[in-house]
1. Check off (1) in the same structural domain as GLU116 (by TED's automatic domain parsing); (2) modelled with pLDDT of 95 or more; (3) more than 24 Å from the chain's Cα centre (by Cα) for ALA338 and give me the number that stays unchecked.
2. Name the residues in the range 182-237 that are basic (Lys, Arg) and either more than 16 Å from ligand 1 (Cβ to nearest atom) or in contact with a helix residue (DSSP H, G or I) (Cβ under 6 Å, 6 or more places away or on another chain) (or both), would you?
3. Using beta carbons and a limit of 6 Å, which pairs, at least six apart or on different chains, have the first residue in the range 151-175 and in the same structural domain as LEU240 (by TED's automatic domain parsing) and over 20 Å from PRO204 (Cα atoms) and the second one modelled with pLDDT under 95 and polar (S, T, N, Q)?
4. Going through the range 262-283 one residue at a time, which ones are more than 19 Å from ASP142 (Cα to Cα) and in a strand (DSSP E or B)?
5. Considering each of ALA92, ALA17 in turn, give the residue that is in a loop (DSSP other than H, G, I, E, B) and farther than 16 Å from LEU129 by Cβ.
6. Which of the residues spanning the range 20-56 are closer than 30 Å to VAL327 by Cα, surrounded by fewer than 15 Cβ atoms within 10 Å (Cβ to Cβ) and among the acidic types (Asp, Glu)?
7. Among the residues of the range 94-107, is there at least one that is charged (D, E, K, R), at pLDDT 95 or above and surrounded by fewer than 16 Cβ atoms within 10 Å (Cβ to Cβ)?
8. Which helices (runs of 4 or more DSSP H) does the range 190-261 wholly contain that include 2 or more residues that are modelled with pLDDT under 85 and more than 16 Å from ligand 2 (Cβ to nearest atom)?
Amino acid sequence: MERSQLQPVRGMNDILAEDMPYWQFLERCAREVFDEYGYQEVRVPLVESTELFKRSIGEFTDIVEKEMYTFLDKGGDSLTLRPEATAGLVRAAISNGMLHNQKHRIWTSGPMFRHERPQKGRYRQFHQLDCEAFGYEGPDVDAEMILLSARLWRRLGIARVSLQINSLGTPESRRGYRELLVQHFEAHRNQLDQDSVRRLGGNPMRILDTKNPDMRPVVESAPLMTDHLDAESRAHFDGLQAHLDACGIPFRINPRLVRGLDYYTRTVFEWTTDALGAQDAVCSGGRYDGLVAQLGGEPTPAIGWGLGQERVTALLRESGVTVPGMVPDVYVVLAGDAAERKGLALVEGWRDALPGLRITSHLGGGSFKSQLRRADRSGAALAVIVGDDEVARQRAALKTLRDERPQEQCGWAEVPARISTLLLRQGLQPGEG
Ligand code: ATP
Ligand code: MG
């Protein structure tokens, strides 16, 4: 195949070395924050039975209606690449008997797959960080989940995000509201698009989540769930707001926030940004008290959120956050036959003495001049130079690359100590490049 034909699958991206510092910074900060709140990492398969997603996400959703990567495996089973993380995590909790009188706070991360129309911030393979709490009725855990995400924004240095919350009540309290919605949309049937007409019979609340701008008027004039909450859901929602107020987390109540999956009950929330254009949701979640039982587990209240890593790394760039780079601390120049022969073993010894330090060896030979140019371009603070003369005398030259200090020489055994001293003098902690 010609190179021009050899492209990744549409909507699926390579994440290259130059992007990686942003990804690693996000993942490292997230891991720290999850740790600090006592959330434990779990990993579940990328593939589950198609039935699991149909039953959990809901039939009348964009995901199940048109976005799933579904295939028959060689045994004839219908499998689907996971479009989101919650269904698999709930399945895992049930399969592993984790829910009997137990509570869990867990997180996971990895690729998700949805056959959407690719555009900036919307891809067919994308990545999420995701956390879930099983066994907690809230609203304290609802608040904690939001606090955790707010702390993550602070740790990342991201300021341009704001929080919207809403309550969808319980399935029972939604029944009356659903009638009102159906009446409203029936009365304006001529303004509905095809998807919405279909959802009117199946799940009219989905219509509120439409992304079709032509439907804005009919959605905006629809009755509001928040005006029809049952007393307990109202108290739960008030409780969440009180916790957020007490912790100083600003929020806006958006009575039209319904979220794209069927399983939500009571609390739903979304962090959006004004920095990324149309794909503005960076982290979204909600409570799904009915889902575990619906999938055959013991009735267990649950809540979770998912964060879009492509959007958040874009936001890090957009916000001008400087992330630690992958710059070596030391670049070792090995010029001449003897230096090339001896070099790797020599540098291994220095690595043994300096664990954690980033030491890049020059490979493939070349003149002093060209190797030093590479050392400089690598961003390293220090070059250690070994030529054939140095090999003969078992010495090395050390040259700081970011200031004008004169080059110095020392014996091989002293090289690790000199590296440490020179890096410290430049105010560098090893590995901080
Ligand atoms: P949107 O309204 O943007 O379609 P969603 O409601 O479908 O988002 P969720 O299913 O809740 O999103 O997923 C959680 C997060 O994952 C979103 O807030 C977003 O940041 C990210 N996300 C969702 N779909 C995509 C996608 N196709 N490409 C990149 N990121 C995505
Ligand atoms: Mg979506």
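The values are calculated or read from the model by the stated rules, or taken from the named source; none is laboratory data. The structure displayed is predicted, hence computed values, not measured ones. Here Cβ is always computed from backbone atoms with ideal geometry, including for glycine, and neighbour counts include all displayed protein chains.
1. Exception for ALA338: condition (1).
2. ARG189, ARG198, ARG199, ARG206, ARG234
3. Going by the 6 Å Cβ cut-off, the qualifying pairs are ILE158/SER319; GLN164/ASN254.
4. Within the range 262-283, just THR273 meets the criteria.
5. ALA17
6. GLU32, ASP35, GLU36, GLU41
7. yes
8. Helices (runs of 4 or more DSSP H) meeting the threshold: 194-202.
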